[in-house]
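This report refers to the structure that appears directly beneath it.
Every number here is computed from the coordinates shown, using simple stated rules; none is lab data. Small disclaimer: the values here were computed from a predicted structure and weren't measured. Cβ coordinates were reconstructed from backbone atoms using ideal geometry, including for glycine residues, and neighbour counts include every protein chain displayed.
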Amino acid sequence: MKKYFFQVASIAILIFSIIGFSDNLFTDVGQKSNSDPKFIIHGLFCFAWVIILVIQANFIRKGNIKAHMKLGIAGMVAAAGVFLTTVYIFVVVYKGWDAMPYYVKSNRIFMPLFGIWVWLGYRNRKKPILHKRFMYIATLFMLGPILDRAIDHFYLNKIFSEDIIYDVIVKLIWGLFFIFLFVYDWVTLRKVHFISLTGAALFILTWVIAIYS
């Protein structure tokens, strides 16, 4: 588990990303968003971040620290692109906090958290125990739109209501990424790391703020 956890987790995130945006990529390439520059650029940066995450985890698994450090610069560029394009979309599409549904409010909070945690990961790049948790949890903070889109491709609407799908099932899948991190912590450290607990607490707090504000 120590060797493969972050590799498997990053691949799972990539798979969800491909499933979630398979219509944009393969089955409905003529849709309006595919011709909108802001969504195209945003999507490219997001996919770049996830793909780099997978590659970086593979470098670490193989012990190729030098390649991991070199690709880290590209990762920072991708992270900056994710942050800036998301902020731009929020400004252009949603006119103020009150105009946003609660799940958009949550994403608006998660995005600065993503930026902060990526920055903390970079600052702690020479401390592997801290670095990998900051980067992993930063990615979990941007996972909402990916899971929301992915779940649509499993046709669960034939069994469950939309409220159950998006408010329960998606959140459970999202939460499992944190729970598996706790398990990894316990297996490797014999405790749940403070960063993991803090990330999960911020995850829960964000939803409380988004729902009740």
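Given 0.36 nm per residue, what is the gain on full extension from Val91 to Arg125 after removing their alpha carbon distance, in nm?
That pair, Val91 and Arg125, stretches by 9.1 nm at full extension.
Mean residue ellipticity at 222 nm from the helices of the chain, using -39,500 (n - 2.57) per DSSP H segment of n ≥ 4 over the full residue count, to the nearest 500 deg cm²/dmol?
The helix-only estimate for the chain comes to -24500 deg cm²/dmol at 222 nm.
Given an 8 Å cut-off on Cα distances and at least 6 residues of separation, report the relative contact order of the stretch 5-212 as a percent.
Computed value for the stretch 5-212: 23 percent relative contact order.
What lysines could a cross-link reach from Lys126, if we take a straight Cα to Cα line under 28 Å and drop same-chain neighbours fewer than 8 places away?
Lys126 reaches Lys2, Lys3, Lys62, Lys66, Lys70, Lys191.
Angle check, please: helix 37-62 long axis (alpha carbons) against the longest principal axis of the chain (alpha carbons), in degrees 0 to 90, nearest 10.
Helix 37-62 sits roughly 20 degrees off the main axis of the chain.
So how do 53-59, 201-207, 125-131, 25-31 stack up, highest first, on mean other-Cβ count within 10 Å?
Most protected by this proxy first, the peptides run 53-59, 201-207, 125-131, 25-31.
Cα centroids of the stretch 1-39 and the stretch 86-138: how far apart, whole angstrom?
18
Run the numbers for Gln31 and Val187: contour at 0.36 nm per residue of separation, minus the present Cα-Cα distance, in nm.
The span from Gln31 to Val187 would gain 51.6 nm if fully extended.
Sort the stretch 144-213 into rounded, prolate or oblate with this rule: let a ≥ b ≥ c be the square roots of the eigenvalues of the Cα gyration tensor; rounded if a/c is under 1.5, and if a/c is not under 1.5, prolate when a/b is larger than b/c, oblate otherwise.
Here the stretch 144-213 falls in the oblate category.
Hey, what angle do you get for helix 170-189 against the long axis of the chain, alpha-carbon based, 0 to 90 degrees rounded to 10?
The angle comes out at about 0 degrees.
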